Amino acid sequence: MAGGGFGNEGGNLKRAHLYEYKITNYFIFACLVAATGGSLFGYDLGVSGGVTSMDDFLKEFFPKIYRRKQAHLHETDYCKYDNQLLTLFTSSLYFAGLVSTFGASYVTRNKGRRASILVGAVSFFLGGAINAGAVNITMLIIGRILLGAGIGFGNQAVPLYLSEMAPAKHRGAVNQLFQFTTCMGILIANLINYKTDKIHKWGWRLSLGLATVPATLMFVGGLALPETPNSLVEQGRLEEAERVLVKVRGTPNVDAEFADLIEASEAARAIKHPFRNLLQRKNRPQLVLGALGIPAFQQLTGMNSILFYAPILFQTLGFGSGASLISSVLTSGMLVLATLVSMALVDRFGRRAFFLEAGFEMFCYMIAVAITLAFKFGEGETLPKAIGWFLVVIICLFVFAYGRSWGPLGWLVPSELFPLETRSAGQSMVVCVNLLFTALIAQCFLVSLCHLKYGIFLLFAGLIFIMSSFIFFLLPETKRVPIEEVYLLWKDHWFWKKYVEDDDEKDIKKPTT
């Protein structure tokens, strides 16, 4: 079996050293166009929190929240934005993305990665257009659902597309293009919100409507995208697959890699129930780490709460509308910078080192925020300017730590862990779990902030400690380990080795009759 099976180490382990490639303009174009799918996700992460903090938007759709925001009542310091309908405006997108992932999985597998990218672009465009013209909450929610469907298709197809197009040596950096464009989308959205906040009556419509721009770019570029050789082989289009592989790799010497693609496709086709296969005992490490643990913990860091509601959070802390949006621009800028650092250094220092070092920093920053708010905020008092900016600095440092660890590695590491026979099912579960916890955080953060007050940051600190321990004890280092050989790490791991015995090894242990 080629590609990470447990019983046979043949196949592409014998041919990987024969692979040849050049970084061609064609390859760069394909990856950059596909990576714009991340900008859809990022733009919405950044724009929704800014829009929900704009007075004109609140007056039109949530007048009670607007009046509560202006009242400055003692009991509403932490609770000015506690409204489940308002949070549904944000979280409905991610619930829709969760549901659409199942349809996206079918399209990606049977119609190709490119088809899912195009469907995602169309859906996101329609959602942005409906939101921009919304006259009631129903239209807002419908638009958000369409946006969510677009994100579900994009998040399913884009990381897979990038991983399949990239040479093995550069797979980590290429895969993180998705996170980089996500961060750029967040930054651009915050800059747009800062400008449109000054356009009264309809500025929020412009913020929401500009979501159609990255969707249009993704669709037009997607029309020119090649399908991945892996997908073409799966569809039986072998001659076209070989032509694309030659063009992407920049060399006619692709026989070894093409042979591996064919073997991998045949092996994958033999697995009729990949989700059931993922539940087998030998795949327990990938299920626990890649499909469940890492994508869930990525959201439980508290980072997405800051991304969703940074303007609202800073306004709650006493910043004016303009100042809160500037603070959001600062945090999203730090996120972009951190992603570049991760892309440059993660293959040198390793995944575990980034997870653990940044986890320690994030734990300390959350404790610092909680202590500061416990002593200096609440009961209707306005934060001193120096304390306010201290919190902005701490939050920026938190974002920088997340942006070089749990942000990009939350997508990269799971993509490295799954063996061939569970790779498609595993990617679907990563997206589902990620979007489920994203939606739950979006729906629950403001009510949690209201009831737990500064304790919400202590809760996140506790979760960061747990997830860092999870990485320390259970994740082996995958730096520079070929995907085809990752399964060997489980055999040498103190905990996982008891789960991953080969079938042949089990047979040896059985008594003969």
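The values are calculated or read from the model by the stated rules, or taken from the named source; none is laboratory data. The model shown is predicted, which means the values in this text are computed figures rather than measured ones. Counting neighbours? That spans all protein chains shown, and the Cβs are built from the backbone with ideal geometry, glycine included. Heavy atoms of the whole protein, side chains included, go into the accessibility calculation; ligands, DNA and RNA do not. Shrake-Rupley method; radii C 1.70, N 1.55, O 1.52, S 1.80 Å.
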Next item on the list: Would you check which residues across the stretch 96-135 are open to solvent by 20 Å² or more (accessible area, probe 1.4 Å), more than 26 Å from SER163 (Cα to Cα) and either touching a Lys or Arg at 6+ places or on another chain (Cβ under 8 Å) or touching a residue at least 12 places away in the same chain (Cβ under 8 Å) (or both) and list them?
Entry: LEU126, ALA129, ILE130, ALA132, GLY133
Item checked: Residue that is modelled with the lowest pLDDT, among those in the stretch 190-246 that are part of a loop (DSSP other than H, G, I, E, B) and polar (S, T, N, Q) -> GLN235
Margin query: Suppose the filter is modelled with pLDDT of 80 or more and closer than 30 Å to ARG480 by Cβ; does ALA353 pass it?
Written below: yes
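Looking at the stretch 379-386, is at least one residue under 21 Å from MET334 (Cα atoms) and modelled with pLDDT under 90?
Checking the stretch 379-386: at least one residue is under 21 Å from MET334 (Cα atoms) and modelled with pLDDT under 90.
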Checklist line | Hits in the stretch 135-161 - residues which are in contact with a Gly (Cβ under 6 Å, 6 or more places away or on another chain), within 16 Å of SER48 (Cβ to Cβ) and of a type in the set (A, V, I, L, M) | finding: LEU146, LEU147, ILE151
Item checked: Residues satisfying the stated conditions in the stretch 268-286, i.e. among the aliphatic types (A, V, I, L, M) and open to solvent by less than 20 Å² (accessible area, probe 1.4 Å) -> LEU278
Check: In the set LYS64, LYS59, which member is open to solvent by 50 Å² or more (accessible area, probe 1.4 Å), modelled with pLDDT under 85, of a type outside the set (Asp, Glu) and in a helix (DSSP H, G or I)?
Finding: LYS64
Margin query: So in the stretch 270-288, with the set limited to residues that are part of a helix (DSSP H, G or I) and either aliphatic (A, V, I, L, M) or in contact with a Pro (Cβ under 6 Å, 6 or more places away or on another chain) (or both), which one is modelled with the lowest pLDDT?
Written below: ALA270
Notebook entry, point to check: Of (1) within 24 Å of PHE153 (Cα to Cα); (2) in contact with an Asp or Glu (Cβ under 9 Å, 6 or more places away or on another chain); (3) not in a helix (DSSP H, G or I), THR251 satisfies all except one. Which?
Noted result: (1)
Check: Which of the residues spanning the stretch 404-420 are surrounded by fewer than 24 Cβ atoms within 10 Å (Cβ to Cβ) and within 9 Å of the chain's Cα centre (by Cα)?
Finding: GLY410
Item checked: Residues that are in contact with a Cys (Cβ under 9 Å, 6 or more places away or on another chain) and open to solvent by less than 30 Å² (accessible area, probe 1.4 Å), drawn from the stretch 433-455 -> LEU446, LEU449, CYS450
Checklist line | Per-region count, the stretch 229-254, residues open to solvent by 40 Å² or more (accessible area, probe 1.4 Å), among the charged types (D, E, K, R) and closer than 20 Å to ILE28 by Cβ | finding: 2
